[in-house]
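**Q** I'd like to ask you about the structure that follows.
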Amino acid sequence: MERSLTSARIQQRIGFSLLGLVTFATVLPVLLIIGFIIVKGAPAISWEFLTAMPRNGMRDGGILPAIIGTFYLTLGTAIFSVPLGIAAAIYISEYAPDNFLTRLIRIAIINLAGIPSVVYGLFGLGLFVLFLRLGTSILAASLTLSIMTLPVIISTAEEALRSVPQAFRTVSISLGATRWQTIWRIVLPQAMPGIITGIILGLERAAGETAPILFTGAAFFLPRLPQSPFDATMALPYHIFVISTSVPGMPIQIQYGTVLVLLVFVLGMNLIATLIRQRARARRQW
Amino acid sequence: MVNPMEKIRIEHLSIRYSDGTESLRDICLSIPANQITVLFGPAGGGKSTLLRALNRLNDLADVQEVSGQILFNGVNILDPGVNVVNLRRKIGMVFSRPVVLPLSIYQNVSYGLELMGERRKSKLDEAVERALRRAALWDEVYDRLKDPASAISGGQQQRLCLARVLALEPEVILLDEPTSALDPVSTARIEGLMQEIKEQYTIVWVPHNVQQAARMADYAAFFLQGELVEHGPGETLFVKPRDQRTQDYVTGRFG
Amino acid sequence: MENTSQRSEWVINLLIKVSGYSSILFVTLILIFLLREGLPALGVTPLSNLFGDRWYPIESYFGILPLLFGSLVVTLGALLIAIPFGIGTSVFISEIAPPWVNSVVKPLIEILAGLPSVVLGFLGIQVAAPLFREAFNLPTGLSAFTGAVLLALIATPTIVSITEDALNTVPPAYRQAALALGATKWQTIWGVTVPAARSGILTAIMLGIGRSIGETMAVMMVTGNAPVLPHGLNALVMPVRTMTATIASEMGEVANGSPHYQVLFFIGIVLFVISLGINIAASWVSLRSKTRAERVLS
Ligand SMILES: Nc1ncnc2c1ncn2[C@@H]1O[C@H](COP(=O)(O)OP(=O)(O)O)[C@@H](O)[C@H]1O
Ligand SMILES: [Mg+2]
């Protein structure tokens with residue numbers, strides 16, 4: 001008895017250490033990746049790099065059009081996906097009856113989340129670029145990215161709405177509020193931090209995507225900044241793809257610098273989302 | 001013939017939930033105006049279900065079937081055409097747990113009025129002060145109306161919930177075990193308060209024990225497993241119950 | 001006043017309802033447009049060609065088998081790495097690690113989930129491929145293996161977050177019962193907790209598969225772009241080409257409506273059907289085990 005107990009303890013100690021190692025091996029690449037990109041990319045960063053147009057076949061100058069393009073695409077995605085996503089989440093959490101159609105909506109959302117990003121690209125090409133004749137444009141790319149982002153926003157917003165105590169709704173209704181008044185005045189404000197977190201996480205993903213914009217709005221190189229939503233645009237992720245695979249003699253430092261800029265953009269959003277979530281948790285009154 | 005003293009008349013009311021529970025069976029009861037009517041009995045008797053029926057809060061619950069009538073000022077409030085928003089303003093509700101809205105003290109009281117479209121600051125200020133005074137809370141909170149309502153004590157929160165209802169100038173106030181989560185001092189306060197204001201309202205109170213039922217009742221109704229066993233003026237019902245089951249419950253033999 | 005506010009509320013409620021149904025609309029639209037552009041491939045390109053083993057569009061060979069094979073190889077390779085690491089990490093952070101470890105590990109996993117795949121692809125080209133070529137003495141580092149390693153990094157956060165959720169929903173009483181019977185924590189984890197969470201873990205693995213098959217940029221950049229059916233066991237260290245990479249790299253150069261264009265959309269249909277199948281299966285598995293949380297009226 002005494003013996004088997006100790007051997008079980010030894011087994012446990014070995015097992016725990018092993019899993020600790022596995023966990024370490026899983027997160028170590030993340031640290032290495034971030035550190036490596038910062039070290040290799042930082043020397044490229046300068047005011048000119050961030051604010052100048054590319055020169056000499058992109059081998060020189062800055063990456064301004066790619067930065068601006070990613071900003072436009074993210075903004076365009078937000079314009080479509082945020083109101084639609086929040087409204088859809090409100091429907092599912094506050095209105096939807098428990099029936100077949102509602103289950104169908106859930107299945108649809110799950111599937112939207114699972115569709116490969118390049119298939120979104122095909123869809124955007126078929127519907128927005130060709131059928132609706134929007135051309136290869138910021139608008140077509142933003143719409144494509146919006147639909148891809150929608151499931152992320154809907155599911156996080158729904159979770160945030162559901163976490164608001166039911167009692168608040170009951171009380172509000174009992175004071176003569178309509179369903180919408182209750183949502184607008186009580187439920188939404190309480191769920192807002194969670195909803196914003198979800199929006200940022202969704203947009204973070206959209207900002208880093210390449211495949212959905214390949215045939216819907218991304219341009220290899222443009223000599224000037226886009227002038228309207230109907231223009232194509234350069235974008236950071238596609239630019240990284242281009243300069244790392246299709247431009248011979250591309251200085252390595254510019255490549256790492258561009259990657260670093262995208263990383264800061266994306267991880268910055270991630271950080272903001274985390275801060276909002278923590279602050280809201282600390283402040284919550286229920 | 002409508003009894004002039006009658007505020008609400010319940011006729012043959014039956015309510016069944018979707019899971020099959022028949023929580024009220026053929027209830028007939030008349031609720032007198034300007035008095036406290038106490039609905040009492042062991043848990044699961046259907047008292048909360050009845051209260052929620054009176055201001056149509058059951059619309060939010062999983063109710064499968066409602067039959068019968070509830071006449072309020074002569075109108076059947078179960079009628080699908082009834083304006084439930086107006087109804088809930090006239091028939092307010094205080095719940096067993098003091099649930100304050102995640103707003104300031106002031107906003108909790110002004111909430112119902114703002115829903116009605118009242119935006120004038122002076123009107124709102126006036127109404128908030130009046131309601132808080134009537135709920136005997138003004139003196140304790142007048143200097144921190146902007147604080148979150150969750151910052152005050154449980155007893156104060158429950159009076160805030162009452163003030164919130166009073167601000168709407170209701171005709172009927174429903175209270176579902178309003179003191180079950182409170183200490184004895186806060187409980188006594190709320191009881192006293194309701195005695196003071198009952199003449200201007202019609203009050204339906206579900207007490208959380210028989211002692212409170214006997215203390216508060218002008219009129220009383222005893223519910224057992226969805227059935228209204230007996231009802232009558234408080235002084236007779238608690239002293240000389242007609243039904244053996246009421247007798248047993250009142251004397252503490254079960255429940 | 002009451003009237004206009006009633007009317008605007010009616011409009012708002014309608015908008016919300018329409019938005020609620022929008023997801024169904026979008027899935028339907030995606031399917032319609034894939035079918036519209038891709039189904040004609042079946043009429044134009046003979047089936048024997050379409051399901052043949054040669055992909056050489058310039059000479060009108062549209063055999064998608066090499067591409068299917070490419071997707072399968074990298075996905076399998078990725079799972080072989082991501083499942084043990086993902087599940088091991090989940091068990092460690094949800095059952096064993098002290099809170100301070102979690103406060104480091106969890107954000108790192110989240111960062112990994114947020115890394116754009118083009119960034120991983122870039123590092124694959126710059127760092128991983130040369131490294132693997134040297135280390136294993138290969139003709140090229142741009143191979144299925146490098147793709148699988150990157151995909152493993154991409155699939156791991158998905159597997160970790162869903163597995164962790166599944167482990168967290170195992171009632172504490174299960175663990176306490178096992179511990180009370182004298183089992184060690186280690187024995188409890190593998191004898192009680194993990195088996196109790198198995199349907200959630202299965203869901204995690206399935207969604208990990210979905211994530212891997214659908215991933216585009218990273219695999220396109222590092223797998224060497226060779227749409228050939230390899231022979232023998234060394235397939236893993238040879239260059240391959242996945243379905244997703246094929247669409248991404250060739251769609252830009254085809255004429256709209258040409259057979260090549262249609263076949264690329266046809267591959268899109270195949271990907272759509274695969275992801276549909278995986279996701280429906282995954283939600284079926286997880287729904288079956290979930291107890292519906294009751295929302296009670298106070
Ligand atoms: N939302 C609901 N869904 C289903 N059954 C309910 C619900 N609310 C109450 N019930 C059932 O109805 C019966 C009466 O409950 P209730 O009205 O709460 O009684 P009381 O307030 O007298 O304790 C009980 O059997 C209870 O389980
Ligand atoms: Mg009750």
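**Q** Which residue is most open to solvent (accessible area, probe 1.4 Å), if the candidates are limited to region C:100-114 and must be without any contact (Cβ under 8 Å) to a residue 24 or more places away in the chain and of a type in the set (A, V, I, L, M, F, W, C)? Step through it out loud before you land on a result.
**A** Taking region C:100-114 first, the residues without any contact (Cβ under 8 Å) to a residue 24 or more places away in the chain are C:100-108, C:111, C:114.
Checking which are of a type in the set (A, V, I, L, M, F, W, C) leaves us with C:100-101, C:104-105, C:108, C:111.
Numbers: C:W100: 173, C:V101: 22, C:V104: 74, C:V105: 9, C:L108: 21, C:I111: 40 Å².
The extreme case among them is C:W100.
**Q** In this structure, does A:Y120 turn out to be farther than 30 Å from C:T242 by Cβ, modelled with pLDDT of 95 or more and either open to solvent by less than 20 Å² (accessible area, probe 1.4 Å) or not small (G, A, S) (or both)? Don't jump to the end; show me each part of the working.
**A** Working: farther than 30 Å from C:T242 by Cβ: no; modelled with pLDDT of 95 or more: yes; either open to solvent by less than 20 Å² (accessible area, probe 1.4 Å) or not small (G, A, S) (or both): yes.
No, not satisfied.
**Q** Can you spot a residue in region C:83-96 that is facing chain A (nearest Cβ under 8 Å), under 22 Å from A:L21 (Cβ atoms) and open to solvent by 40 Å² or more (accessible area, probe 1.4 Å)? Outline the logic, then answer.
**A** Going through region C:83-96, the residues facing chain A (nearest Cβ under 8 Å) turn out to be C:84-86, C:88-89, C:91-93, C:96.
The next check asks that each one be under 22 Å from A:L21 (Cβ atoms); those that pass are C:84-86, C:88-89, C:91-93, C:96.
Adding the requirement that they be open to solvent by 40 Å² or more (accessible area, probe 1.4 Å) leaves C:84-85.
Yes.
**Q** Next question, about the same structure. When you go through C:S249, C:S161, C:S212 one by one, which is the residue that is open to solvent by less than 10 Å² (accessible area, probe 1.4 Å), assigned to a helix (DSSP H, G or I) and among the small types (G, A, S)?
**A** Numbers: C:S249 fails: open to solvent by less than 10 Å² (accessible area, probe 1.4 Å); C:S161 fails: open to solvent by less than 10 Å² (accessible area, probe 1.4 Å).
Only one candidate passes the filter, namely C:S212.
**Q** Do we have any residue at all in region C:208-220 that's more than 13 Å from chain A (Cβ to nearest Cβ), closer than 30 Å to C:L276 by Cβ and either touching a residue at least 24 places away in the same chain (Cβ under 8 Å) or out of contact with any strand residue (DSSP E or B) (no Cβ under 9 Å at 6 or more places or on another chain) (or both)?
**A** Within region C:208-220, the first condition is being more than 13 Å from chain A (Cβ to nearest Cβ), and the residues that meet it are none.
Checked region C:208-220: no residue is more than 13 Å from chain A (Cβ to nearest Cβ), closer than 30 Å to C:L276 by Cβ and either touching a residue at least 24 places away in the same chain (Cβ under 8 Å) or out of contact with any strand residue (DSSP E or B) (no Cβ under 9 Å at 6 or more places or on another chain) (or both).
**Q** Which ones in region C:164-181 are of a type in the set (G, A, S) and open to solvent by 50 Å² or more (accessible area, probe 1.4 Å)?
**A** Just the residues of region C:164-181 that are of a type in the set (G, A, S), to begin with: C:166, C:173, C:177-178, C:180.
Within region C:164-181, C:A173, C:A177, C:A180 qualify.
**Q** Then there's this: Could you list, in sequence order, all residues of region A:163-177 that are part of a loop (DSSP other than H, G, I, E, B) and more than 7 Å from chain B (Cβ to nearest Cβ)? First the steps, then the outcome.
**A** Here is the first cut: in region A:163-177, the ones part of a loop (DSSP other than H, G, I, E, B) are A:163-165, A:175-177.
Answer for region A:163-177, where residues must be part of a loop (DSSP other than H, G, I, E, B) and more than 7 Å from chain B (Cβ to nearest Cβ): A:S163, A:V164, A:P165.
**Q** For the condition over 29 Å from B:C28 (Cβ atoms) and at the interface with chain A (Cβ under 9 Å from one of its Cβ atoms), what is the one hit in B:R97, B:R134, B:R120?
**A** Values: B:R134 fails: at the interface with chain A (Cβ under 9 Å from one of its Cβ atoms); B:R120 fails: at the interface with chain A (Cβ under 9 Å from one of its Cβ atoms).
Testing whether each residue is over 29 Å from B:C28 (Cβ atoms) and at the interface with chain A (Cβ under 9 Å from one of its Cβ atoms) leaves just B:R97.
**Q** Out of the residues in region B:1-15 that are open to solvent by 60 Å² or more (accessible area, probe 1.4 Å) and at pLDDT below 95, which is farthest from ligand 2 (Cβ to nearest atom)? Quick ask: steps written out before the conclusion?
**A** Keep residues of region B:1-15 that are open to solvent by 60 Å² or more (accessible area, probe 1.4 Å), which gives B:1-5, B:9, B:12.
Checking the rest, the ones that are also at pLDDT below 95 come to B:1-5.
Values: B:M1: 33, B:V2: 30, B:N3: 28, B:P4: 31, B:M5: 27 Å.
Top of the filtered list is B:M1.
**Q** List, please: which pairs have Cβ atoms under 6 Å, are six or more places apart or on different chains, and start with a residue in region A:59-70 that is more than 13 Å from A:I45 (Cα to Cα) and end with one that is among the hydroxyl-bearing types (S, T, Y) and at pLDDT 90 or above?
**A** A:G69/A:T233
**Q** What tally of residues in region B:56-72 results from selecting those that are β-branched (V, I, T) and more than 16 Å from ligand 2 (Cβ to nearest atom)?
**A** First, the residues of region B:56-72 that are β-branched (V, I, T): B:63, B:66, B:70.
Those still in the list that are more than 16 Å from ligand 2 (Cβ to nearest atom) too: B:66, B:70.
The total comes to 2.
**Q** If you don't mind, there's one more thing I want to ask. All but one of (1) in contact (Cβ under 8 Å) with a residue 40 or more places away in the chain; (2) not in a helix (DSSP H, G or I) hold for A:L50, so report the exception by its number.
**A** With (1) in contact (Cβ under 8 Å) with a residue 40 or more places away in the chain; (2) not in a helix (DSSP H, G or I) applied to A:L50, the lone miss is (2).
**Q** Here's another thing I want to ask about it. How about region A:77-105: which of its residues are touching an Asp or Glu at 6+ places or on another chain (Cβ under 8 Å) and facing chain C (nearest Cβ under 9 Å)?
**A** Restricting attention to region A:77-105, the residues satisfying the condition of being touching an Asp or Glu at 6+ places or on another chain (Cβ under 8 Å) are A:89, A:92-93.
Answer for region A:77-105, where residues must be touching an Asp or Glu at 6+ places or on another chain (Cβ under 8 Å) and facing chain C (nearest Cβ under 9 Å): A:A89, A:I92.
**Q** Checking the structure you have, find out if any residue of region B:245-254 is modelled with pLDDT under 95, of a type in the set (F, W, Y) and either over 13 Å from the mean Cα position of the chain (by Cα) or assigned to a loop (DSSP other than H, G, I, E, B) (or both).
**A** Yes, region B:245-254 contains at least one residue that is modelled with pLDDT under 95, of a type in the set (F, W, Y) and either over 13 Å from the mean Cα position of the chain (by Cα) or assigned to a loop (DSSP other than H, G, I, E, B) (or both).
**Q** Please indicate, with yes or no, whether at least one residue in region B:99-108 is in contact with a Pro (Cβ under 8 Å, 6 or more places away or on another chain), open to solvent by 10 Å² or more (accessible area, probe 1.4 Å), away from ligand 2 (no atom under 16 Å from the Cβ) and assigned to a loop (DSSP other than H, G, I, E, B).
**A** Yes, region B:99-108 has at least one match.
**Q** Please identify the pairs in which a residue from region C:29-53 that is within 15 Å of C:V273 (Cα to Cα) has its Cβ atom under 8 Å from the Cβ atom of a residue that is open to solvent by 70 Å² or more (accessible area, probe 1.4 Å), counting only partners at least 6 apart or on another chain.
**A** Going by the 8 Å Cβ cut-off, the qualifying pairs are C:F33/A:F131.
**Q** For region B:1-55, how many residues meet the condition of being of a type in the set (K, R) and over 21 Å from B:G232 (Cα atoms)?
**A** As a first pass, look at region B:1-55 and keep what is of a type in the set (K, R): B:7, B:9, B:16, B:25, B:47, B:52.
Keeping just the survivors that are over 21 Å from B:G232 (Cα atoms) gives B:16, B:52.
Total meeting the criteria: 2.
**Q** Then there's this: Of all residues in region C:75-116, how many are under 14 Å from C:T146 (Cα atoms) and not hydrophobic (A, V, I, L, M, F, W, C)? First the steps, then the outcome.
**A** At the first step, the residues of region C:75-116 found to be under 14 Å from C:T146 (Cα atoms) are C:75-82.
From what is left, the residues that are not hydrophobic (A, V, I, L, M, F, W, C) are C:75, C:77.
The total comes to 2.
**Q** Would you confirm, using the coordinates I've provided, whether C:A41 is away from every other protein chain (no Cβ under 11 Å), closer than 23 Å to C:T242 by Cβ and either modelled with pLDDT of 90 or more or open to solvent by less than 20 Å² (accessible area, probe 1.4 Å) (or both)? Spell out how you get there, then give the answer.
**A** On the way: away from every other protein chain (no Cβ under 11 Å): yes; closer than 23 Å to C:T242 by Cβ: yes; either modelled with pLDDT of 90 or more or open to solvent by less than 20 Å² (accessible area, probe 1.4 Å) (or both): yes.
The answer is yes for C:A41.
**Q** What single numbered condition from (1) open to solvent by 40 Å² or more (accessible area, probe 1.4 Å); (2) farther than 23 Å from B:F72 by Cβ; (3) away from ligand 2 (no atom under 16 Å from the Cβ) fails to hold for B:Q156?
**A** Answer for B:Q156: the failing condition is (1).
**Q** Follow-up question, since we're still on this one. Residue by residue through region C:234-287, note down the ones that are under 22 Å from the mean Cα position of the chain (by Cα), over 18 Å from A:P116 (Cα atoms) and within 11 Å of another protein chain (Cβ to nearest Cβ).
**A** C:W284, C:S286, C:L287, listed by residue number.
**Q** Looking at B:A53, is it within 16 Å of ligand 2 (Cβ to nearest atom), facing chain A (nearest Cβ under 10 Å), among the small types (G, A, S) and in contact (Cβ under 8 Å) with a residue 24 or more places away in the chain?
**A** Numbers: within 16 Å of ligand 2 (Cβ to nearest atom): yes; facing chain A (nearest Cβ under 10 Å): no; among the small types (G, A, S): yes; in contact (Cβ under 8 Å) with a residue 24 or more places away in the chain: yes.
So B:A53 does not fit the description; no.
**Q** Please find, among B:D19, B:D79, the residue that is more than 14 Å from chain A (Cβ to nearest Cβ), in a loop (DSSP other than H, G, I, E, B) and of a type in the set (D, E, K, R).
**A** On the way: B:D19 fails: more than 14 Å from chain A (Cβ to nearest Cβ).
That would be B:D79, the only listed residue that is more than 14 Å from chain A (Cβ to nearest Cβ), in a loop (DSSP other than H, G, I, E, B) and of a type in the set (D, E, K, R).
**Q** Give me a count of the residues in region B:50-67 that are open to solvent by less than 10 Å² (accessible area, probe 1.4 Å) and over 12 Å from A:I173 (Cα atoms).
**A** First, pick out the residues of region B:50-67 that are open to solvent by less than 10 Å² (accessible area, probe 1.4 Å): B:50-51, B:53-55, B:57.
In the following step, the residues that additionally are over 12 Å from A:I173 (Cα atoms) were identified as B:50-51, B:53-54.
Adding up the residues that qualify gives 4.
**Q** In the set A:I195, A:I240, A:I213, A:I254, which member is away from every other protein chain (no Cβ under 13 Å) and surrounded by 19 or more Cβ atoms within 10 Å (Cβ to Cβ)?
**A** Values: A:I240 fails: away from every other protein chain (no Cβ under 13 Å); A:I213 fails: away from every other protein chain (no Cβ under 13 Å); A:I254 fails: away from every other protein chain (no Cβ under 13 Å).
Sole residue among the options that is away from every other protein chain (no Cβ under 13 Å) and surrounded by 19 or more Cβ atoms within 10 Å (Cβ to Cβ): A:I195.
**Q** Next question. Inspect all residues belonging to region B:24-31 and state whether any of them is more than 15 Å from ligand 1 (Cβ to nearest atom) and in a loop (DSSP other than H, G, I, E, B).
**A** There is no residue in region B:24-31 that is more than 15 Å from ligand 1 (Cβ to nearest atom) and in a loop (DSSP other than H, G, I, E, B).
**Q** Tell me which residues, restricted to region A:78-91, are touching a Ser or Thr at 6+ places or on another chain (Cβ under 7 Å) and open to solvent by less than 60 Å² (accessible area, probe 1.4 Å).
**A** A:S81, A:L84, A:A87, A:A88, A:Y91, listed by residue number.
**Q** So which of B:G20, B:G44 ends up being exposed (fewer than 14 other Cβ atoms within 10 Å of the Cβ) and within 14 Å of ligand 1 (Cβ to nearest atom)?
**A** Result: B:G20 is the single residue among B:G20, B:G44 that is exposed (fewer than 14 other Cβ atoms within 10 Å of the Cβ) and within 14 Å of ligand 1 (Cβ to nearest atom).
**Q** Starting from region B:105-124, take each residue that is farther than 16 Å from A:T182 by Cα and list its partners that are open to solvent by less than 20 Å² (accessible area, probe 1.4 Å) and hydroxyl-bearing (S, T, Y), counting only C-beta distances under 7 angstrom and pairs at least six apart or across chains.
**A** B:L124/B:S110
The values are calculated or read from the model by the stated rules, or taken from the named source; none is laboratory data. It should be emphasised that the depicted structure is a prediction, and the values quoted were computed from it without experimental measurement. With ideal geometry, Cβ positions are generated from the backbone for all residues, glycine too; neighbour counts draw on all protein chains shown. In case anyone asks, the SASA skips ligands and DNA or RNA and just uses the protein heavy atoms, side chains included. Shrake-Rupley method; radii C 1.70, N 1.55, O 1.52, S 1.80 Å.
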